[in-house]
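J.: Structure incoming, see below.
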Amino acid sequence: MSDAAASTPLLEQYAGVKAQYPGHLVLFRVGDFFETFGDDAKLLSRELDVVLTARAPDRDGARTPMAGVPHHAVETYLGRLVKKGYKVALCDQVEDARLAKGLVRREVTRVVSPGTVLEEGILGGPEHSFLACAVTGTDGRGAVSCVDVTTGEWYRATADVPGLDGLLTALAPFRPREILWSVPAGAGEATLLGALRREFPGARLEPAPPAVDDGELPADFPPAEPGRPHQAEADRRLLHYLRTAQPRLVPFLRPEAGGHEPRRLTLDPKTLRHLEIVRPMNPDDPSGPTLLSAVDATGTAMGRRTLALWLTNPLADPSAILERQEAVEALRLQGAALDELRSELRGLPDLARMATRIAGRRTRPTEVSAWREGLERAAGVAERLPPPSGSLRLERLRESSRPPEPLVELLRAALPEAVPASAEEGPLFRTGYRPEIDAWRDRERAAIAALAELERVEQERTGIKTLKIGYNQVFGYYLEVTRPHLARVPPEYRRRQTVAQAERFTSERLDELEREMRVATEGARSAEAEQWERLLSEIDRWVPSVHRLSAALGELDVLAGFAHVAQTRAVVRPIVDESGELQIREGRHPALEASLGARFVPNDVELDPKERRLLVLTGPNMSGKSTYMRQIGLLVVLAQCGAWVPARYARVGLVTQLFTRMGFTDEIGRGKSSFMVEMTEVAEILAAADDRSLVLLDEVGRGTSTFDGLAIAWATLRHLHDVTRSRTVLATHYHQLTELIAALPAARNAHLAVAETADGIVFLHRLVPGSTDRSYGVHVARLAGVPEDVLAEADRLLRRLEAGGVPLPSRGRARSRGTGYTQAVLVPTSDPASDEIRSTLARTDPDRLTPEEALRTLRSLRERALDRSSDPDPSP
Ligand code: ADP
Ligand code: MG
């Protein structure tokens, strides 16, 4: 019975599966398609742009919407759904539709979600794919556990400060693709969700399942550090989720035993974004330059992942940094031998993910074969390491980058040189590996030989030289005799099929051989299948070792990349110590330098805890203030990762927290006014900063009136100078600040120099001591292409303002005072446009507008104002 006729039972079966998999998009196999019904069909049709149809009307005449994708292309569609953040349950037919009595049995055979997918095609690149569980307790404190199921890495992070910011900062370096969240009832669920959505726009969010009990923890699961109940809870909730999403992998996913990790430099989500560490800030240009792209010289997927994780989690432990530096130094001194090591690394496939796909049984024989080759190659990597050089780290890596010999032996013994693309075809195993498989293969070969022999015997016996034995899918083996020879066909032949030029027969002996052939082929196939599963379970034992091996190779790859940069670029090994100083000579911005090359102007940095904690930076727009500040942050990050930095000399007194506040271009759409956002950020920084912090402030107090803003900027600086005593750089247009800071003994002024030439100004991008009070705003506006008449007008006004003259246009001033009748006489024409503008303004409450609304209102006001362009010049 076909499913199409049984409309209602099929939909009932579908509804049953949906009920078992709440929150999943269920793709339901019907014939050659994976279908969805009802609302899910509409969703699928919208998201994948596939046709929405409807099933035949049921008894009541209702037509259920239906949309589906062809089963052979389901991987592609799965990939697209997962990228869009859906969790998909694939419900397949688990019995042959032709043999089924009634409805075909169907079961969910696969669940795919953004944070648990293993398939290379869906993962879409070597980057980490983290699934996170974020937990906040009733005390407001939080913890996160992040697992990359594809590599077996499991990280824990406890929030340093209570509240949302602590939690977001703990999560940010991992950029999870899927986040399970948990807050105590009534503790700001909506706020948390809003913040998660904003910080991790691509991530799938889902309430975390309950924690597993003690008894359900996998054997020897390392406990979280004592005194961190939220961390343990995050682990256990994550385990609960993994048990249903990736049950096969649970045994391979383990955090490192806690308590021994070196201290990290805290980078909050805004800093990660502003400094463009691994992702460009402009979402429209996802391949824009980042710190990662500027310093990446890795050759493997493992290395690329490790580098991204290092850059977002720099160290704050001088001895750990020194250890990395010594390894880089030892590799750097290798000279040309370093290239050999790097090219050996470049040949390695993604060993970790392949191992995981084996453990998850989502692999193919060809991949296992490539994995074997990769493991064999990995043995060559350790051989190319420099001789013992005193680098502890390198010595440890020499040990841990060796592939487990028994595993390589096992694979070598089992797999043939070339493995067929499809497991069905075989042979999957090397001859001699398993006698039972060989026996089946022998029988198969004997049957083939017997067929050839039969053909020869029959040709001789019948005298038909052209008699042939052939095979086709429908009739099996046959003896073929062409028409002219039909008379000589022996009587015991039975006719099977007639074709154009010949008749096809069978005989008792041929039937017998056919049966033998089938038995042998089937036997070989099932023996291989059984053996294949046995091989994979034997490999399972080695998966954790290969995960560790991959981590070691990834680290080696990063260090070798750092060493390569150290060999080939104008970089210097920074001194990282506890001094609290920050001295950089001729530093360069790593990403900008990559695009500007020699045109990039290097600059110095000079901060120290006693004399020069705080630097106020002035200079016109476009002079390089923001670049300079970002550059400082980036060089500190690089130095504390163990990398060489683009400078002639660098000394970095350890930074434990790096804060940035920059512009507000990316804040539109947050539903708060930009000034509110700015003040929130300043408040966060002031609350958390200390004397080990580096604070980079690109403008403070710009979103409000001049005096307000200046006052706030001043008070902020004073607090950073006197109370937190953080190293601070502030860029500002408030020239008054440069004078006010004379009261702060450890504050200095600097500006970015500009040269005035006959044709206008030239930005030198060079930092010089002291302040500047020239903004050159009009010059910059000219560079930007603002029309000459506007510039001339602005120039005139500027000069009057600077001379202290009264600038307000008389008519505007009269109106602003709201004078009545005389004004009406002076301006006799009734002016509906300006009345409208006024009444719109009066109705508008700036405090209740979102930034977009404010922009929209402003634009429409301006349009109306321009309609009145016939107005005379208001200036006297
Ligand atoms: P500001 O913040 O002062 O407005 P930016 O830092 O945004 O200026 O710099 C504006 C542009 O000037 C940059 O996009 C870059 O092209 C150029 N620039 C900045 N610093 C340098 C430098 N040190 N050397 C060369 N070009 C620079
Ligand atoms: Mg700027």
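J.: Largest first, how would 599, 59 line up by accessible area (1.4 Å probe)?
T.: I get 59, 599, largest accessible area first.
J.: Using θ = phi - 60° and the Karplus relation 6.51 cos²θ - 1.76 cosθ + 1.60, list the HN-Hα couplings for segment 685-691 in order, rounded to whole Hz, with x at every Gly or Pro.
T.: Running phi through 6.51 cos²θ - 1.76 cosθ + 1.60 with θ = phi - 60° gives 5, 4, 6, 9, 5, 9, 6 Hz.
J.: Let me ask something else about it. From the C-alpha coordinates alone, can you work out the Kirkwood hydrodynamic radius of segment 524-615, in Å?
T.: Averaging 1/r across every pair of different Cα atoms and inverting gives 18.5 Å.
J.: Continuing with this model, one more query. For residue 389, what residues show an amide H to amide H distance below 5 Å, using hydrogens built from the backbone and excluding near sequence neighbours?
T.: Under 5 Å from the amide H of residue 389: no residue qualifies.
J.: May I pose another question? Bin width 10 Å, alpha-carbon pairs only: give the P(r) of the chain as whole percents, running from 0 to the bin holding the largest distance.
T.: Result, from short to long distances: 2, 10, 15, 18, 17, 13, 10, 7, 4, 2, 1, 0, 0, 0 percent.
J.: Do any trypsin sites (Lys or Arg not before Pro) in segment 464-553 lie in a loop, going by DSSP, with at most 14 other beta-carbon atoms within 10 Å of their beta carbon, and if so which?
T.: 465, 541
J.: Mean residue ellipticity at 222 nm from the helices of the chain, using -39,500 (n - 2.57) per DSSP H segment of n ≥ 4 over the full residue count, to the nearest 500 deg cm²/dmol?
T.: Taking each H run of at least 4 residues, the total per residue is -13500 deg cm²/dmol.
J.: Relative to 2.2 N^0.38 Å, what does the C-alpha radius of gyration of segment 511-553 come to as a ratio? Two decimals please.
T.: Relative to the rule-of-thumb radius for its length, segment 511-553 sits at 1.98.
J.: Could you please state how large a percent of the accessible area of segment 318-428 is carbon and sulfur, counting protein chains only and using a 1.4 Å probe?
T.: For segment 318-428, the apolar C and S fraction of the accessible surface comes to 51 percent.
J.: Please compute the volume of the convex hull spanned by the alpha-carbon atoms of segment 153-269 and report it per residue in Å³.
T.: 119 Å³
J.: Taking the Cβ of residue 791 as the center, what net charge do the other residues with Cβ under 14 Å away carry, scoring Lys and Arg +1 and Asp and Glu -1?
T.: Value of the local net charge: -1.
J.: Specify whether the C-alpha gyration tensor of segment 54-101 places it in the rounded, prolate or oblate class, a ≥ b ≥ c being the square roots of the eigenvalues: rounded for a/c under 1.5, otherwise prolate if a/b is larger than b/c and oblate if not.
T.: Oblate shape, in that a/c is at least 1.5 and b/c is the bigger or equal ratio.
J.: If I ignore ligands, DNA and RNA and count only protein heavy atoms, how much of residue 686 is accessible to a 1.4 Å probe, in Å² to the nearest 10?
T.: 50 Å²
J.: Please express the Cα-Cα pair-distance distribution P(r) of segment 711-763 as a list of whole percents, one per 10 Å bin, running from 0 to the bin with the greatest distance.
T.: 20, 47, 18, 13, 2
J.: In terms of modelled amide H atoms, which long-range or inter-chain residues lie less than 5 Å from the amide H of residue 572?
T.: 645, 647
J.: At 1.4 Å probe size, what's the solvent-accessible area of residue 312? Round to the nearest 10 Å².
T.: Approximately 10 Å² for this residue.
J.: Give me the percent of the accessible area of segment 674-791 that comes from carbon and sulfur atoms, probe 1.4 Å, all protein chains in place.
T.: Carbon with sulfur: 56 percent of the solvent-accessible area.
J.: What angle do you read, to the nearest 10 degrees and between 0 and 90, between the alpha-carbon axis of helix 365-383 and the longest principal axis of the chain?
T.: Once rounded, the angle reads 60 degrees.
J.: OK, next. With N residues in segment 224-335, what two-decimal value do you get for its Cα radius of gyration over 2.2 N^0.38 Å?
T.: 1.36
J.: Continuing with the same structure: Could you do me a favour and compute the accessible area per residue for segment 544-633, 1.4 Å probe, result in Å²?
T.: 36 Å²
J.: Let me ask something additional. Please report the net charge: other residues with Cβ closer than 13 Å to the Cβ of residue 278, K and R +1, D and E -1.
T.: +2
J.: Check which residues have an amide H placed less than 5 Å from residue 654's amide H, if you skip close sequence neighbours.
T.: Long-range HN contacts for residue 654: 577, 578, 579, 580.
J.: In addition: Aspartates and glutamates near residue 84 by alpha-carbon distance under 12 Å, same-chain residues fewer than 8 away left out - which ones?
T.: The qualifying aspartates and glutamates are 47, 178.
J.: At 1.4 Å probe radius, can you tell me the per residue accessible area of segment 423-472 in Å²?
T.: Computed with neighbouring chains in place, this is 61 Å² per residue.
J.: Averaged per residue, what accessible area in Å² does segment 685-755 show with a 1.4 Å probe, protein chains only?
T.: Solvent-accessible surface per residue comes out at 37 Å².
J.: Would you check the accessible area of residue 796, probe 1.4 Å, heavy atoms only, in square angstrom rounded to 10?
T.: 120 Å²
J.: Moving to a separate point now. Tabulate in residue order the Karplus-calculated ³J(HN,Hα) for segment 69-77, using 6.51 cos²θ - 1.76 cosθ + 1.60 with θ = phi - 60°, rounded to whole Hz; enter x for Gly and Pro.
T.: 10, x, 5, 6, 10, 5, 4, 4, 5
J.: While we're on this one: Output needed for segment 572-690: three equivalent-ellipsoid semi-axes, defined as square roots of 5 times the C-alpha gyration tensor eigenvalues, in descending order, whole Å.
T.: Computed over segment 572-690, the values are 26, 19, 13 Å.
J.: Taking Cα atoms, how many degrees apart are the long axis of helix 543-568 and the longest axis of the chain, rounded to 10 and kept between 0 and 90?
T.: That works out to roughly 50 degrees.
J.: I've got another one for you. Cα centroids of segment 152-184 and segment 50-93: how far apart, whole angstrom?
T.: 34 Å
J.: By accessible area of protein heavy atoms, probe 1.4 Å, what ranking do 545, 705 get, highest first?
T.: 705, 545
J.: What lysines sit close enough to residue 87 to cross-link, taking a C-alpha to C-alpha distance under 19 Å and skipping anything fewer than 8 places away on the same chain?
T.: Those lysines meeting the cut-off are 18, 42.
J.: Looking only at segment 488-520, which residues have a backbone nitrogen under 12 Å from a spot 7 Å from the Cα of residue 446 in the C-beta direction?
T.: Only 516-517, 520 pass the distance filter.
J.: Moving to a separate point now. In whole Hz, with x marking every Gly and Pro, tabulate ³J(HN,Hα) for segment 176-185 from phi via Karplus 6.51 cos²θ - 1.76 cosθ + 1.60, θ = phi - 60°.
T.: x, 8, 8, 10, 9, 10, 8, 10, x, 3
J.: Can you give the Rg/Rh ratio of segment 634-786, where Rg is from the C-alpha atoms and Rh is the Kirkwood radius?
T.: Rounded to two decimals, Rg over Rh is 0.98.
J.: Oh, and also: Using a ≥ b ≥ c from the Cα gyration tensor of segment 277-337 (square roots of the eigenvalues), is it rounded, prolate or oblate, where a/c under 1.5 gives rounded and otherwise the larger of a/b and b/c decides, a/b for prolate?
T.: Since a/c reaches 1.5 but b/c is at least a/b, the shape of segment 277-337 is classed as oblate.
J.: Tell me whether segment 602-653 comes out rounded, prolate or oblate; compute the Cα gyration tensor, take square roots of the eigenvalues as a ≥ b ≥ c, and use a/c under 1.5 as the rounded threshold.
T.: Taking the square roots of the gyration eigenvalues as a ≥ b ≥ c, segment 602-653 is oblate.
J.: What relative contact order, as a whole-number percentage, does the chain give when Cα pairs under 8 Å and 6 or more residues apart are counted?
T.: Worked out over the chain, it gives 9 percent.
The values are calculated or read from the model by the stated rules, or taken from the named source; none is laboratory data. Given the structure is predicted, the values throughout are model-derived calculations rather than measurements. Neighbour counts run over all protein chains shown; Cβ positions are idealised from the backbone, glycine included. Just the protein is used for accessible areas: all its heavy atoms, side chains included, with ligands, DNA and RNA removed. Shrake-Rupley method; radii C 1.70, N 1.55, O 1.52, S 1.80 Å.
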